[in-house]
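Here's the structure, in structure tokens; my notes come after.
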Amino acid sequence: MSEAKVSIIVPTVNARYLNYLIDSLQRQESKPLELIVVVKGFDPRYVENLCSGIGFKSVVIEQRVGAFTNALNIGKSEAQGELLIFADDDIIAPSDWVGNYLKLHHLAGQDVACVSGREKYYDLQSRAIKHSPDEKTKVRIYRKLVRPWREKPYRSLELYKHGVYLTNNLDVAVGSAVPYTQCCSFPLRGANMCFKQDAISDLNFPEHPLLKRAPGNEQHLGLQLFLKGYKMIYSPQNPVLHIMHESLSRPHKKAEIKYEFGIMKSLYSELLASKKCAN
């Protein structure tokens, strides 16, 4: 098996399901260059033990301050790969996951800075794949029939209307192509996305003292890439299995998420304003 110049970056606050991800990375047909795990809130030696014998370089970093996006930036600053895959700590990666990202980026060309992939929900107890929210009939109907006229793309983002985009009100919207069809798209979700290192080397995920989970952080980085002149795509051809558990949908935190997304929208506005000033 060849070693690919790919860094995999994973933040974790409890590592409850991390062993499933690590086991799946050991079975990759194209071995990554390294796995970087940013640990917060518990002894990093637990993760070091999980990574022992993984078959390629592992780096475990303890995060002492900051929230989720700070962990992403810590991992990004440490990474040595030409491609940087960001993943959640509760996914299982198919054996061709790393190799598929290498192929997708090669086929996409140098002007495509990000390829994001599909999530399939996985029930550990039954070992069955379940429908994700993207696959629900009512969601699909809304995205196809209602969203195109109610939630139009922000000016100049028309190219992304079938995938993930920002609306005129700077909300994050998902178009009708997701989850089944490849399309131009801002990063979908942080559980499964891959960037060219040279495209994001001078960029960071947004940090703010009032942000914890930072909903919309993926699209903030996408907006930075768009303003630099890069393109982004979504591909259903490289899915991961996202382990189902109570905190996956976070229904009990809707008010907190809404509050944080209000902050994120202000950060989108600041980015767009700075671009106008630069022009």
Notebook entry, point to check: How big is the C-alpha Rg of the range 115-217 next to the rule-of-thumb value 2.2 N^0.38 Å, as a ratio?
Noted result: 1.20
Note to self: Using a Gaussian network model on the chain with a 10 Å cutoff between Cα atoms, which of Ser269, Ser126, Ser235 fluctuates the most?
What the structure shows: Ser126
Notebook entry, point to check: Hey, what angle do you get for helix 68-78 against the long axis of the chain, alpha-carbon based, 0 to 90 degrees rounded to 10?
Noted result: 60 degrees
Item checked: Candidates Pro148, Pro209, Pro133: whichever shows maximal mean-square fluctuation once the chain is modelled as a Gaussian network with Cα springs under 10 Å -> Pro209
Item checked: Cβ-based charge dipole, the range 6-278, positive-most Cα from Ser116, Pro187, Asn168 -> Asn168
Next item on the list: Between Asp202, Asp111, Asp89, find the one with the highest GNM mean-square fluctuation for the chain; connect C-alpha pairs within less than 10 Å.
Entry: Asp202
Notebook entry, point to check: Between Ile54 and Thr167, what FRET efficiency follows from the Cβ-Cβ distance if R0 is 51 Å, with the result rounded to 0.05?
Noted result: 0.75
Note to self: Quick check on the exposure proxy: order Val13, Val115 from fewest to most C-beta atoms within 10 angstrom.
What the structure shows: Val13, Val115
Margin query: With θ taken as phi - 60° and the coefficients 6.51, -1.76 and 1.60, list the Karplus ³J(HN,Hα) couplings across the range 121-134 in order, rounded to whole Hz; mark glycine and proline as x.
Written below: 6, 10, 8, 5, 5, 8, 6, 10, 8, 10, 5, 8, x, 4
Notebook entry, point to check: In degrees from 0 to 90, rounded to the nearest 10, what is the angle of the helix 217-227 Cα long axis to the longest principal axis of the chain?
Noted result: 60 degrees
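Among the chymotrypsin sites (Phe, Trp or Tyr not before Pro) within the range 1-88, which fall in a DSSP loop and have no more than 16 other Cβ atoms within 10 Å of their own Cβ?
On the way: sites: Tyr17, Tyr20, Phe42, Tyr46, Phe56, Phe68, Phe86; in loops: Tyr17, Phe42, Phe56.
Answer in residue order: Phe42.
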Note to self: Quick check: the angle from helix 254-278's long axis to the longest principal axis of the chain, C-alpha only, nearest 10 degrees?
What the structure shows: 70 degrees
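Which whole-number percent gives the relative contact order of the range 6-278, counting Cα pairs below 8 Å spaced six or more residues apart? Each step should come with its number before you reach the end.
Details: 516 pairs, mean separation 61.1, N = 273.
Relative contact order, the range 6-278: 22 percent.
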Next item on the list: Give the Cα extents of the chain along the principal axes, in whole Å, largest first.
Entry: 52, 43, 41
Notebook entry, point to check: Which percentage, to the nearest 5, of the DSSP beta bridges contained in the chain is antiparallel?
Noted result: 40 percent
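FYI, it's all coordinate maths here, none of it is from the lab. The shown structure was predicted, so the numbers you read here are calculated from the model rather than taken from an experiment. Positions of Cβ are backbone-derived with ideal geometry, glycine not excepted, and every protein chain shown enters the neighbour counts.
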